[in-house]
Every structure is written in C-alpha cells, then in structure tokens.
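Only one structure is covered here, and it is reproduced in the block below.
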Amino acid sequence: MIQSSNSIKKCYFIYFLSLFPLILFGIYKNGISLYLKDYVSLYGAIKPLLFIIIGFIIGSLVNYIYEVLIKKKKAKLVDIIFSSFHSLYGVLVACIISINTNIILFSTVTFIVLLVSKFIKINKINYIALTSLIIFFIMNLFNEFSFLNNYEASNNFNMNALDYLLGKGSGGIFTTNVLLLIISFIVLYNFKIYKRNIPIFATITFSILTIIYCLIMNDISNIMNMLFTNGILFSFVFIATDSVSSSYTKKGIVIYGIIVGLLTFLLYLVQPALSSLGAILIASICNSFIDLKFE
Amino acid sequence: MKEVSNIENFLNCDYIYLPILNNSQIYYKEGDYIYKNEVLLENNENKVYSSVSGKVLGSTTINNKKYIVIDNDYKDKLKTRFGTKKYINKYSKEEFIELVDKFNLIDNFNSNSKVLIVNGIDEYIEELNYNVLLKEYTIQILDCIDALIDIMNIKKCFLAVSNNDINVVDILLNNIGTYPKIDLKLFSNSLTIGNKNILINKLTSYKNKKYPVLYLNIKDILNIYNVLKKGRKNSYTYITLTGNLIDYSKVLRVKIGTSLSDIVDYYKINNKDIIINGLLNGKKLNNTNFIIDNNIRSIFINSNEEIKENECINCGLCVNNCPVNINPKYMYFNKDNKALDYKKRCVNCGLCSYYCPSHIKLNKGCNNDTK
C-alpha cells in the first residue's frame, strides 16, 4: 500500500527545524551572554542546552519504556523514539519553563507526567502545558516564580517594540524572540499536519481583547508587554497546536483557537505568566466536545 | 510511470473458475460440455456465463467461495452465432432494455436516465486499463456512446478522460468532432477523480442533478458494444499488471475466471506482496488462490514492505482531504449512528489512509469495501 510522505518522523524534523533558531537564541540569551557578563558560571552557560537535551532524552526514554518494556514491541530504536510526540513534548517543556528552574525538578516532573500520559487513552489533554504548570506551581511553593534571568532581574529596562521583536522581553528559556518566532511560524505554516488556524485565531482573539482592555484602562504602553512577554505567542504557535490534544475538524480548529485566545486573556488578568498554558490546558480538555459540536 | 505499449493476451489458462451464486438455478452437471458464453447458472440478480468452452470438472472452494471448474479446451466454441450488426444505433429502447436484462450489462440500470457519464479515468492513478482501451478502441467506444445517446434518448453525455496521456487526448480530440453529442471532459491527474461517486459529483451540476444518471466505464461500454454488435458479452476482462517489481506495466486481457496463480506462475513472481485494485484502497492477498472476475482492475507486484501503524495523532488530515466531506477518524473509531452514516457515505477512495501520518487504515471500516 502507498502512503504519503506524512509521518511522525517528518513532524519531528519540521518542528525541530522551526525551533532551531529559537533554541540558538535562547542558548545565547540565557546562557552564553550571562556567562560573558559574569552573571552565571560555566554550568549556567550550558544550562539552556542541557534543558533541551534532557527534555528530548526523557521523552525518548518514556517512549522506550512504554513500547519496549511494557508493550514488548520489537522495532528499531529510531522508530521507537519517533513512535509518538513525547520526545518533542520534552523539548517544548524545556522551551517554555523559566531559566531559574531546577534541572532535577524539570526532569522528574516531565518524566512522571509523560509516562503517565502514555497510559491515558481517552480525552488526551495537553501534557506540555500540564507539565510546565506543575513545574511552575512547585517552583512557586519554594520561592517566588519568575521568568527573569539573573541579568534581567538585576536591571530595569524600558523596552520598545523592536526590543520585544529581538527577544529582550521576559519569558520561557527559548520563547522570547518574536521575530524568530514569526519565522518559525512561516516554516510551520506550509506543513500539512500543522494546525495553522489555531495560532492565527488565538493570536487575533487575544490581540483584539488586549487592545480593547488597554484602551479601556488607558494603558496603551502595556499592549506590547501583554502580547510579547510570558511566552504567550510561543505557546500559541507550538503548544496549542499539539496535534494530539487539539481539535482536528475544520471548524473545530478555529473554535479551539478562539477559545485559547479568549481564555488566555481572561487568565492573564489573574496570573500573566501562566495564562497561555492554563488556557491551552483547559481548551485541550474540551477538544473532543469542540470537534463533536463544530464539525 | 512505466510506459505500457498495448494489450497483452493472457488467455491460455487450463482451468476456469466461475462463481456459484447463492440460491441459483444450475443448468449443468459434472461432465457436461459447456459452450463459450453459455449461461451456467442464474439467480434473481445475476447470471454466470462461461468464458471458455470445455468440460465441467466439478466444483471447488477457494477462499470460502464455491466455484465451478471448467477444463478449457481452447476452442472457444459458441452454441449459436448471432451475426454482426452493421449499425448498432438501430436498436429501439425496448430492445436495448431487454438486452441489458438478458446480459446483466449495467448495474443499477435506470431506463429513464437522461444524463450519461462515461468514466475513462482509471480508479487508481497507476492503473492503465481505460487509457489503453481508449487508445486501442477509440472508434468503437465513441460509436457505442453515440448509439447509447440515441437509443436511450440521453440529454447530456460526458466522457471523462485524464489529461495525463497526451496520446489518448490527441486521438479523442481528432475524433470527437464526428460525435457532437459527446461532451469530452478532461481532468488533471488526481488520486481520486476516477472514483465513480466523486466523478458523478463533479460532473452533475445543479441543472443535471434532477435527471437520473447512467454511469458506465470504458469496460462497460466495450461490453455493451459487443452485445449490440455481436450479440454476446465479452468473456474476458482487462487488468493492469504493475508494481515496483514489474519492469514495464502491462494491460492484460484475461479470461474471466482465471486463477491468479496461473498469472503469477507465468510471470515468475515469487514471495512478493500482491495487491489487487490499487494501492490506495486495494486488498493485499495472503496467497495466490484468487480468481479474477469483472471487478478486478489491477494487480500490483511490490517488494515486501511492512508499514507499522502508530497511534492516531489527531492531525485532521483525513478530514481535510476527504472528497465526500465525512470524518474518517470518527467512522473508524466509533460505532454509533453517526459513524454508520459516515460508513454509508464513504466511497472507499482510500485518501484518508494515504494521508494518515500514523499509517492507520482508516478506510477499513467503510461499507463499500473493495470486493
């Protein structure tokens, strides 16, 4: 039988290709540049890269444990690693969390959540958002959670639109550069499996509500800050579009995007740093219902 | 695509296997001599004609189906000769309806049809049957369509042809001027345009939809031509022999009831994947105990390849690419009324399985499964 060239392996390739510039920038911003300014040690310089590698290894390990040790499947290691999106989930969790996250905490939570997710067969939720939120909550228990790295925490900045575009805003380790994020979105846009309407409608909804809110509150200068920080756009482009946990019907995808945008705005008013992840998690719980109602 | 030159005959099989229909009246007994085109048995819906002349050896069971076995004497003896008609459009509508009934010429025949759609596009993109037949029998096909328009008083007639073979298009364009009632429709290469339901949907505009449609393919047309001209059905069918282990694709003229194992032995094909009726929605055979009938369009001989299914990733490609706008994922994973409705509407084109990145055979649950 014949198959199109679409495959999970191809998804990985496209996603990693689109993430690559953001990862390079994140390594520079949250590692190398801090090291050069003497804010962190050598370990701090490679910490962003470590998060990515560990995230990938944990995802792959979960796939290996489930497929080989539990399901006793015999296949090539590459086929096992790429049998589901779990390795990508590990990488995306590494992208969205704060640079201040403890690596052991990240590894443990990611491993447990991803492994448990393997056994849940119905009503899949967004495990990237869930893992990141658990990490944030645990961090919050011990000290106050912050996206700011050592350099950002010890300085005050007055930023303009260009600064945000070039990644000077705060957010997850690899999420701050809006310009590179737009390039990533363009790369993903033409990829058939990518649900492009989710980030488009989520961004439009969130932007409109943000602008209206800022106009009402007479705080126009805050628009950029609301839109471009806290990894919101990154979440729309990479996390909300997680194939498994989002809607898949034509209308469902549009509705899903609008719900994500709307919930992000509402949660932003309560807790800006976690708004997009919380919104995606809630929307993903409803994805089957959305598909059923808006086919 | 590998080029095909012309039709290759594969008519030299020793034994012919013809299906024994349920609740049928049988007109033979073991040891009887059977003439070519003689009715062997019939039930309310169908008749079985012998495709060769020879002795009835008895019956056998192949893949849980019962077959009559006939020892081919290679003489193709006919019991009665009809004589050739000079003009095939001289039949009246009543005479034609009688012939359709007598020879079981057309499935779901509606004598009030006012729109005729002739499909000259093979159902799967690598099948070459209709292309080759259009090249080989251009005049006969056009004559027959023209005659059908006259006999059936057809208001609108479409001949759908793929534009990927310039030779076929050229031949048709050179001849179509003589047949002004035939509307030649050229379609670009697509994976599913040869599918009956999809083609009918494409060609029947709002205006035509109120008329019942008579759908025929090129093989049907040649069959009708033979009946109108010579008073007998074709005793053979056409199949494409292709695949990645075949150097040159062939269109074979094969006696109906030929065993696939005869073809496989003749072409020395061993230990390979054999898929019938295309790679999109076809059927992979476990062995060569398979009998060629009129529904078989192609045999693909491919290298052994195992594609593993993964879990559904909810990507929606099946929904986005479905030509009849159903939800193949829902149809595959559910058993409620909605899923049943989808199963009824599914045309089993196989596009959903083709696009699925997890390699799930989503069209498996379709009611219109490949026979």
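Structure data summary
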read-out: Selected residue (only one of A:253, A:259, A:282 is within 12 Å of chain B (Cβ to nearest Cβ), in contact with a helix residue (DSSP H, G or I) (Cβ under 7 Å, 6 or more places away or on another chain) and over 30 Å from residue A:157 (Cβ atoms)); value: A:253
read-out: Top-ranked residue of the stretch B:36-66 - restricted to ones that are part of a loop (DSSP other than H, G, I, E, B) and of a type in the set (Asp, Glu), ranked as modelled with the lowest pLDDT; value: B:45
read-out: Looking only at the stretch A:262-272, and only at residues there that are of a type in the set (A, V, I, L, M) and either within 14 Å of chain B (Cβ to nearest Cβ) or in a helix (DSSP H, G or I) (or both), the one that is surrounded by the most Cβ atoms within 10 Å (Cβ to Cβ); value: A:263
read-out: Qualifying residue in the stretch B:341-348 (condition: under 23 Å from the mean Cα position of the chain (by Cα), closer than 19 Å to residue B:125 by Cβ and assigned to a loop (DSSP other than H, G, I, E, B)); value: yes
read-out: Qualifying helices (runs of 4 or more DSSP H) (wholly inside the stretch B:120-217; at least 1 residues being more than 26 Å from residue B:363 (Cα to Cα) and in contact with a Lys or Arg (Cβ under 8 Å, 6 or more places away or on another chain)); value: B:129-136, B:138-152, B:166-175
read-out: Filtered residues of the stretch A:196-244 (kept if in a loop (DSSP other than H, G, I, E, B), closer than 18 Å to residue A:88 by Cα and away from chain B (no Cβ under 14 Å)); value: A:231
read-out: Tally, over the stretch A:129-182, of residues that are hydroxyl-bearing (Ser, Thr, Tyr), in a helix (DSSP H, G or I) and within 19 Å of residue A:48 (Cβ to Cβ); value: 3
read-out: Every pair of residues 6+ apart whose Cβ atoms lie under 8 Å, when the first sits in the stretch A:131-158 and is on the phi < 0 side of the Ramachandran plot while the second is surrounded by fewer than 16 Cβ atoms within 10 Å (Cβ to Cβ) and of a type in the set (S, T, N, Q); value: A:139/A:102; A:151/A:33; A:153/A:146
read-out: Residue pairs meeting the criteria (Cβ under 6 Å; at least 6 apart or on separate chains; first facing chain B (nearest Cβ under 7 Å) and over 23 Å from residue B:363 (Cα atoms), in the stretch A:2-24; second of a type outside the set (Val, Ile, Thr) and outside any loop (DSSP other than H, G, I, E, B)); value: none
read-out: Options B:101, B:107; residue that is in a helix (DSSP H, G or I), modelled with pLDDT under 90 and of a type in the set (D, E, K, R); value: B:101
read-out: Single residue of A:35, A:39 found to be surrounded by 15 or more Cβ atoms within 10 Å (Cβ to Cβ) and not in a helix (DSSP H, G or I); value: A:39
read-out: Search result, residues across the stretch A:185-219 that are within 26 Å of residue A:20 (Cβ to Cβ), polar (S, T, N, Q) and touching a helix residue (DSSP H, G or I) at 6+ places or on another chain (Cβ under 6 Å); value: A:197, A:203
read-out: Some residue of the stretch B:327-339 being closer than 30 Å to residue B:132 by Cα and more than 11 Å from every other protein chain (Cβ to nearest Cβ); value: no
read-out: Total residues in the stretch B:273-287, condition surrounded by fewer than 16 Cβ atoms within 10 Å (Cβ to Cβ) and more than 12 Å from chain A (Cβ to nearest Cβ); value: 2
read-out: Subset of the stretch B:302-325 (residues that are in contact with a Phe, Trp or Tyr (Cβ under 8 Å, 6 or more places away or on another chain) and touching a residue at least 40 places away in the same chain (Cβ under 8 Å)); value: B:312, B:313, B:315, B:317, B:318
read-out: Odd one out for residue B:313 among (1) buried (at least 18 other Cβ atoms within 10 Å of the Cβ); (2) touching a Lys or Arg at 6+ places or on another chain (Cβ under 9 Å); (3) within 12 Å of another protein chain (Cβ to nearest Cβ); (4) within 21 Å of residue A:121 (Cα to Cα); value: (2)
read-out: Residues located in the stretch A:113-165, provided they are buried (at least 19 other Cβ atoms within 10 Å of the Cβ) and hydroxyl-bearing (Ser, Thr, Tyr); value: A:117, A:127, A:131, A:132, A:164
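The values are calculated or read from the model by the stated rules, or taken from the named source; none is laboratory data. All values reported here derive from a predicted model rather than from experimental measurement. All Cβ positions, glycine included, derive from the backbone under ideal geometry; neighbour counts span all protein chains shown.
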